[in-house]
Amino acid sequence: MNNNGYDTKLFCEIYPDENSFSNDYLSNKFPKDISNENISIIYYLLYAKYGNTPIANFDLNQFKYKLFSIIFMYGPRWQKQLAIQNEIRALNIDDIMKGNKTIWNKALNPNTEPSTAALEEVREINEQNVQMQKKSIADSYALLLGLLEDSFTEEFIDRFKICFKQFVMHEHPILYISED
């Protein structure tokens, strides 16, 4: 039994600081698809959620492989979601108000037929209809609020649950000495 009252070490005993976590991440054999900044964020999120939780393995290496395999499997998607979320948060109301553009072209001369793959208006064409849309301010803010998401980081960190024991009491009974 460890000094912490559990059969296995606590997360905070294995990784007392960000550097120990980052060094283990950089030295493991999994591809390094996560930025240093995001590894730092992952460490603090794990520490906040599982810092005083005993690990689910007696073998420390297996725990680390489990931990870093989860980062390898799900970290790149989380990192991309985080980047997209930051871009969405940075949008201003004018960007959001811009709507869709629909273009209908009609060329009567076969030698000057426009490409069907063009996404912009075509000049020197016989007939062209362009429909431009603009959202109202209320619709734009509603769209922005709908795009903002706050659950993907929680879902990512919850994937690490399998690395930790799931209970709330000490594993061994606490013995008291009675005066009787």
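Here are some notes:
- One residue from Y44, Y25 being surrounded by fewer than 17 Cβ atoms within 10 Å (Cβ to Cβ), part of a helix (DSSP H, G or I) and touching a helix residue (DSSP H, G or I) at 6+ places or on another chain (Cβ under 9 Å): Y44
- Filter result for N129 (more than 30 Å from Q62 (Cα to Cα), modelled with pLDDT of 85 or more, surrounded by fewer than 12 Cβ atoms within 10 Å (Cβ to Cβ) and not aromatic (F, W, Y)): no
- Residue in region 47-64 that is farthest from the chain's Cα centre (by Cα), counting only those that are surrounded by fewer than 15 Cβ atoms within 10 Å (Cβ to Cβ) and in contact (Cβ under 8 Å) with a residue 24 or more places away in the chain: F58
- Residues that are more than 16 Å from I70 (Cα to Cα) and either surrounded by fewer than 18 Cβ atoms within 10 Å (Cβ to Cβ) or at pLDDT below 95 (or both), drawn from region 8-22: T8, K9, L10, C12, E13, I14, P16, D17, E18, N19, S20
- As for region 148-159, it holds at least one residue that is at pLDDT 70 or above and of a type in the set (F, W, Y).
- Members of region 73-101 found to be surrounded by 18 or more Cβ atoms within 10 Å (Cβ to Cβ) and not β-branched (V, I, T), listed by number: G75, W78, Q79
The values are calculated or read from the model by the stated rules, or taken from the named source; none is laboratory data. Remember, it's a predicted structure, so these values are computed and weren't measured experimentally. Please note: Cβ atoms are built from the backbone with ideal geometry, for glycine as well, and neighbour counts cover all protein chains shown.
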